[in-house]
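Shown next, in structure tokens, is the structure this report addresses.
The values are calculated or read from the model by the stated rules, or taken from the named source; none is laboratory data. In this text, all values refer to a predicted model and were calculated from it rather than measured experimentally. No Cβ is skipped: glycine too gets one built from the backbone with ideal geometry, and neighbour counts run over all protein chains shown. These accessible areas exclude ligands, DNA and RNA; they are computed on the full protein's heavy atoms, side chains included. Shrake-Rupley method; radii C 1.70, N 1.55, O 1.52, S 1.80 Å.
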Amino acid sequence: MTRQPTVVVTRRVPEPGLELLRQHATVWVNPEDRPLSREELLSRIATADGVLGQLTDRVDAGFFDAAPNLRGYANYAVGFDNIDVPEATRRGVPVSNTPDVLTNATAEMAWALLFAVARRVVETDARLRQGQWPGWGPFQFLGQELTGKTLGIFGPGRIGTAMARMSRGFAMPVVTCGGRKPNETLIRELGAKPLPFPEFLAQSDIISIHAPLTPETRHAFDATALAAMKPTALLINTGRGPIIDEAALVTALRAGRLAGAGLDVFEFEPRLADGLTSLPNVVITPHIGSATITAREGMARLAAQNLVAMLTGTTPPTCLNPAVLAGR
């Protein structure tokens, strides 16, 4: 009798994904709503054939050493900077992520942050709740209109493309920076202009970060880059926290060298840079870019589909290292 494979789910995901996994494997799900510690993770995967994990799980040589039976790892995220993909390939283990299904949710979140910062929504809400509003005045809480402003997309991939497309109703010129090649879709549909980084910083009224975290993008927005932006500019980040040097951002915002920022991801998550929470021109949200029912259920289904394919020897829908499948 063929042994049923075993799967470890390092943190509970929506039921559609778990239901699919249970049709093909014996599934253990972390019963607590928290990341497993490194020791707990390595102990739990010791006999696992497959793992469905989170961005908080470091998938490296030590991970693979601890899981000698591993036949596949599925990341419950579109980002995969937590995975050593070359090491996975060397070990012959397919790994995957969950692109596409969270594209609209994250793009909409970037717009939510942008509106909240531009029109001082969080700041003014707090004033009202605290009983600190004396009544209407012509110079109170002046913000920025977005119509006609230049929107800069740093990392014009799926999510950056979706956000740029959503700008149509605001007659916003679009400029882009980053990516392996120019985004022909945005050039064709919106007349977007790909720019080198210095020109991109100088021309953008709003910069929205959607790039992956790589050695090249880490701290791309450091003190020098922030100083090169317009003092009236707004910076939005739903990509990866370490793309911004948070300490430098706090300094720039405090000094008035940047008008505002909206952040859903952070450099040292869940810890925030000193001084960030005291700034009224910053809106911060706890990494909820994909936090819609539609997106999170879609992520669970896709992660499960990837893992089931790995366990059954078929091609995962979104494999990050498909070369390992050729040798199977």
In a Gaussian network model of the chain with springs linking alpha carbons closer than 10 Å, the residue among Pro194, Pro138, Pro94 that fluctuates most is Pro138
Sort Asp274, Asp100, Asp60 by heavy-atom solvent-accessible area, probe 1.4 angstrom, most to least. Asp274, Asp100, Asp60
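Which whole DSSP H helices in the chain pass both tests: a Cα extent of 24 Å or more along the axis and a mean Kyte-Doolittle value no lower than -1.0?
Length and hydropathy pass: 293-312.
Only bridges whose two residues both fall in the chain count here: according to DSSP, what percent of them are antiparallel, nearest 5?
5
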Using DSSP to call loops (not H, G, I, E or B), can you name the trypsin sites (Lys or Arg not before Pro) in region 161-191 whose Cβ has at most 15 other Cβ atoms within 10 angstrom? Arg180
GluC sites (Glu not before Pro) within region 29-104: DSSP coil, no more than 12 neighbouring Cβ in 10 Å: Glu32
How large is the accessible surface per residue of the chain, computed with a 1.4 Å probe and reported in Å² as a whole number? 48
For region 119-159, compute Rg over Rh where Rg is the Cα radius of gyration and Rh is the Kirkwood radius from the inverse mean 1/r over Cα pairs. 1.19
The chain: equivalent-ellipsoid semi-axes (sqrt of 5 x gyration tensor eigenvalues, Cα, Å): 39, 22, 18
Which whole-angstrom value gives the distance between the alpha carbon centres of region 257-328 and region 147-178? 20
Which is the longest stretch in the chain that no exposed loop site breaks, taking sites as chymotrypsin sites (Phe, Trp or Tyr not before Pro) with a DSSP loop state and at most 13 other Cβ atoms within 10 Å? 142-328
Other-chain or far-sequence residues with amide H under 5 Å of Val283's (modelled H): Ala261, Gly262, Leu263
Which distance in Å, rounded to a whole number, links the C-alpha centroids of region 57-122 and region 213-232? 23
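Under the Kirkwood approximation for Rh and a Cα-based Rg, what ratio Rg/Rh is obtained for region 241-290?
0.93
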Build a GNM of the chain with springs between Cα atoms under 10 Å: which of Gln144, Gln23, Gln203 gets the top mean-square fluctuation? Gln23
What number, in percent, do you get for the relative contact order of region 137-287 if the mean sequence gap of Cα pairs under 8 Å and at least 6 apart is divided by its residue count? 18
Could you put Leu272, Leu249 in order of accessible surface area, largest first, with the 1.4 Å probe and the full protein assembly present? Leu272, Leu249
Among Leu311, Gly53, Val29, whose Cα projects farthest towards the positive end of the dipole of the chain, with charges put on the beta-carbon of Lys, Arg (+1) and Asp, Glu (-1)? Leu311
Given unit charges at Cβ for Lys, Arg (+) and Asp, Glu (-), the dipole magnitude of region 213-328 about its Cα centre in debye, nearest 20, is 220
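With N residues in region 100-201, what two-decimal value do you get for its Cα radius of gyration over 2.2 N^0.38 Å?
1.31
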Tell me which residues come under 5 Å, amide H to amide H, from Asn321 once H is placed; ignore anything under 5 positions away on its chain. Val95
With a cut-off of at most 11 other beta carbons within 10 Å, and DSSP calling the residue loop, which GluC sites (Glu not before Pro) in region 211-313 qualify? Please list them. Glu216
Which percent of the accessible area of the chain is formed by carbon and sulfur heavy atoms (probe 1.4 angstrom)? 55
With a 1.4 Å probe and all protein chains kept in place, how much accessible area does Asp245 have, in Å² rounded to the nearest 10? 30
Might you work out the accessible area of Cys319 for me, using a 1.4 Å probe with all protein chains in place, and round it to the nearest 10 Å²? 30
